[in-house]
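Below: one structure, written as C-alpha cells.
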Amino acid sequence: MKNFWRFIFRKSLLSTSLCQMDFAVLGLGDSSYAKFNFVAKKLHRRLLQLGASALLPPCLGDDQHELGPDAAIDPWLGDLWKKIMRLYPVPLDFPEIPLGIPLPSKFIFQFVQEVPSVGTEGLKLASSDPQRPPSELQPFLAPVITNQRVTGPQHFQDVRLIEFDITGSSISYAAGDVVSIMPSNSETHTQQFCRLLGLNPKQFFLLTPREPGVPHPPGLPQPCTVSHLVSRYLDIASVPRRSFFELLACLSPHGLEREKLLEFSSARGQEELWEYCNRPRRTILEVLCDFPHTAAAIPPDYLLDLIPRIRPRAFSIASSLLAHPGRLQILVAVVQYQTRLKEPRRGLCSSWLASLNPEQGPVQVPLWVRPGSLMFPETPDTPIIMVGPGTGVAPFRAAIQERVAHSQTGNFLFFGCRKRDQDFYWQTEWQELEKKGCLTLVTAFSREQEQKVYVQHRLRELGPLVWELLDRHGAHFYLAGNAKYMPADVTEALTSIFQEEGQLSSADAAAYLARLQQTLRFQTETWA
C-alpha cells in the first residue's frame, strides 16, 4: 500500500497517465475521527488528476451510522453494477450464478479416523531460532504468574493486573510497546457450538484447499481437532456481519429460517437486522441457536467461509524490563455490559484472561510483542507530560519505570479515576516515587465531589506549568485512554493554555499544536 501510494503521488506522472482507466473508490471509515475517509477522498482526487474517469462519486462508508457502512455502500454498489454492466457487458455464453446458490467453499474438510501422535496440534513455544522473537504465527506460551483484581469491591468494573513470565522467550520490549494476545472461546461456548452443528469435538480433520496456491489458514495445525478449531480459531463470540447471513441463507434447508435469513441479508432488511443483531450485540453462537435447523445443516467445509478467525487483542505493556526482569505486565479492564438480551455481553479476551487462575494450576497465554505508537525521548533532560486517565495510565507506568531506572527526572503524570479508594491504580507506587522526587503526580477524582473533575480541568489549573514545560523546556506531551470524549477535551484544554499562557491567537494556538504533533512532541494512543 505504501509503495502504491508513493508511486501514484510522484510529480513526474503525466496528467494523462490513467486516461484509459475507469475507476470507482469505496472508502471504509469512521466519522468520529478527524480525517474521516481521508485516504479514499485523496485517492479519488489523485486518480482524476491522472486522467482516469470516475464511474461514480466516492462512496464513504461510515462506521458511526446506525446501519453501519452498508447504509452508504448498498445504494452505491447498485449504481456501480449498473454502470459496469453497461460498459462491460457479460458475454452471452457466460452463465450467471443464481441467487441463493453458495459459491464453493475455500477448503475441504477431510475427517480422519486414526488419531495422530500426541503433540501434533500444540502451539509451538518460542521460535527455535533464538534470534527470532515470537510472532503471530509463532507466539510464545507465557505462563501467568499473577492475576490480581486492582479495583475495589464496590467498584462497577473488574480491572486486572496480570503478570506473565517471559523468561527464555527472546522477547524484549521498551516503554510504549504493545503485547498482542490470542484469546480462546470458553469451554461452555465451544461445547454448545459443537452440539448445535452436530460435531464431535475430539474428531481430527485435515484441510485441503479447493484451488492451488491457497495458503493454509495461519495458526491452525494440520491435522487439527474440531475442539481446537472452535475454541482457538473461530470467532463464535463476535457479532456477525451481513455476509454471514447471506451465506447462512444459502446453506439453510429450512423454509422459514431461510426466509428470515434472506430478509436479514437483503438491503431492505437492514434496519431489522440492526435491531436483531447489532444493537443488542448478538453473537454468532446466539444467532445459530435462533436458527437451529440451519445450524445443524451447515457443512463443515463452509465453517471457515462463514465464521471469521479470532483476532489478537493488543494491550499496552504496563511494566519495564528494567524494573521487572523476565516479566511482562498488563492492566486489563474486563468488558461486560448489559443489552436487552438476558445474558450480559462480555469481551472475549478480557473475560478469558480474567478467568485464568494460576493458583489452581499452570496457565499459559499465547502472546508476542510489537512496537506501539508511543515513543519516549532518550535525552535524559527532556521532561514528559503524561495524561492517562483510567487504564490509559498503563503505558506511562512502563515509561516512568524505565526513566527512573535511567535517572531521568521531569516526569509529570496527570491521572484521573472515579474514586481514590476504588480505582486509583498503583497509588502506593506513585506516592513512593513522589517522595523520592522522581515524579510529579496530579490527580483528578471525578466522583468525590458534586462537580465532576477530570484530567482536562487539572491541566487548565496548571496551565502556567504546562506552558513552561512545553515552550521553555521542550517537554513531550502524551495522551492515552478512551477515544470517546477525553482526547478532544484534553486537546481543547491544551489549546486554551496556549492562548492564555502563550498569548497566542486561536489560529496560532492550533498551529502550535500541529507543530507539536509533526515533531512527535504530542503523541496519543487511544482506543474505542
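The values are calculated or read from the model by the stated rules, or taken from the named source; none is laboratory data. Quick caveat, the model's predicted, so the values are computed rather than measured. For neighbour counting, all protein chains shown are included, and Cβ atoms are generated from backbone atoms with ideal geometry for every residue, glycine included. In case anyone asks, the SASA skips ligands and DNA or RNA and just uses the protein heavy atoms, side chains included. Shrake-Rupley method; radii C 1.70, N 1.55, O 1.52, S 1.80 Å.
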Share antiparallel - DSSP beta bridges, the chain, percent rounded to 5: 60
On average, how much accessible surface per residue is there in the chain, in Å², for a 1.4 Å probe, leaving out ligands, DNA and RNA? 54
Helix 70-87 versus the longest principal axis of the chain: what angle, 0 to 90°, nearest 10, using Cα atoms? 50
The chain: relative contact order as a whole-number percent, Cα under 8 Å and 6+ apart: 14
Gain in length, LEU256 to LYS41, computed as 0.36 nm per residue apart minus the alpha-carbon separation, to one decimal in nm? 73.1 nm
In the full protein assembly as shown, how much of MET375 is accessible to a 1.4 Å probe, in Å² to the nearest 10? 110
Can you list the HN-Hα couplings for segment 148-165, worked out from phi with the Karplus curve (6.51, -1.76, 1.60; θ = phi - 60°), rounded to whole Hz and with x for Gly and Pro? 10, 6, 10, 9, x, x, 8, 6, 5, 10, 8, 10, 10, 9, 10, 10, 10, 9
For a quick check of understanding: with a 1.4 angstrom probe and all protein chains in place, what accessible area in square angstrom does MET1 have, to the nearest ten? 140
Residue-level accessible surface for PHE23, protein heavy atoms, 1.4 Å, Å²: 10
With 0.36 nm assigned to each residue of separation and the Cα-Cα distance removed, HIS155 to LEU13 gains 45.1 nm
Order by protection proxy (mean Cβ within 10 Å, highest first), peptides 401-409, 301-309: 301-309, 401-409
Using a 10 Å cut-off on Cβ atoms, rank the peptides 389-396, 68-75 from the highest mean neighbour count down. 389-396, 68-75
Point-to-point label distance, LYS419-LEU67, nm (Cα→Cβ direction, 7 Å offset): 4.5
For the chain, which whole percent of the accessible surface, found with a 1.4 angstrom probe, sits on carbon and sulfur atoms? 54
Can you give the helix-only mean residue ellipticity at 222 nm for the chain, where every DSSP H stretch with n ≥ 4 adds -39500 (n - 2.57) and the sum goes over all residues, rounded to the nearest 500 deg cm²/dmol? -9500 deg cm²/dmol
Roughly speaking, what is the stretch gain from THR379 to ALA528, that is 0.36 nm per residue apart minus the C-alpha to C-alpha distance, in nm to one decimal? 50.4 nm
